[in-house]
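Here is the structure we will look at.
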Amino acid sequence: MKLRQFASILRLLIFLIIGHAKAQSADDITGIWFNTEKTAKIKITKAGDTYEGEIVWLKDPNPDGKPALDVENDDEDLQKRPLMGLKIIEGLKFSGDRWKDGEIYDPKSGNMYSSEVQMKNKDTLEVKGYVGFSFIGRTVEWTRTTR
């Protein structure tokens, strides 16, 4: 009798877990996202079979009215490019429950990292930047916003 009850409870739990699981769509990542510090908004769009993101808003543009530039970049020529409109995410490919095999540029450090993104929920992205192995890196949360 106890075995039957256990089997019934197990079936119920499996049904509940499967019933609440939501399949993600590749395009769920598209939209406008605040970075962790809420100092920039990044618009993620589909580009062919990959996804990319560009800076579309900055909280603190230069006080002198000139565009904020990519001054932390090691390449002197790239230091002159404006941050507004800068593509900071490239090549993300959807695979199962995450987007991976992309690259992310950090304008604060001037460094490019391999990247992987996963949705924590419909309004929160977990964005990971790493060098080498994905389990070694930094993960931050971005929050969905509107323009």
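Throughout, read-outs are computed from the coordinates displayed, never taken from laboratory work. Nothing here was measured: the structure is a model prediction, and the numbers come from that model. Neighbour counts are summed over all protein chains in view; Cβ atoms, including those assigned to glycine, are modelled from backbone coordinates with ideal geometry.
Below is a table of values for the structure above.
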{"read-out": "Filtered residues of the range 70-102 (kept if of a type in the set (D, E, K, R) and within 15 Å of TYR51 (Cα to Cα))", "value": "LYS87, GLU90, LYS93, ASP97, ARG98, LYS100, ASP101"}
{"read-out": "Failed condition for ASP60, given (1) out of contact with any Pro (no Cβ under 6 Å at 6 or more places or on another chain); (2) surrounded by 15 or more Cβ atoms within 10 Å (Cβ to Cβ)", "value": "(2)"}
{"read-out": "Residues (in a strand (DSSP E or B), within 19 Å of ILE55 (Cβ to Cβ) and either hydroxyl-bearing (Ser, Thr, Tyr) or more than 10 Å from the chain's Cα centre (by Cα) (or both)) located in the range 103-123", "value": "GLU103, TYR105, ASP106, ASN111, MET112, TYR113, SER115"}
{"read-out": "Any hit, the range 68-78, residues being out of contact with any helix residue (DSSP H, G or I) (no Cβ under 9 Å at 6 or more places or on another chain) and under 21 Å from TRP33 (Cβ atoms)", "value": "yes"}
{"read-out": "Residue in the range 88-95 that is farther than 18 Å from THR139 by Cβ and either in a loop (DSSP other than H, G, I, E, B) or over 16 Å from the mean Cα position of the chain (by Cα) (or both) present", "value": "no"}
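Residues are listed down the side, and each one gets a yes or a no for (1) loosely packed, with under 13 Cβ neighbours inside 10 Å; (2) under 10 Å from the mean Cα position of the chain (by Cα); (3) within 24 Å of ARG147 (Cα to Cα):
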| site | (1), (2), (3) |
| --- | --- |
| GLN24 | no, no, yes |
| GLU37 | yes, no, yes |
| LYS66 | yes, no, yes |
| MET84 | no, no, yes |
| ASP97 | yes, no, no |
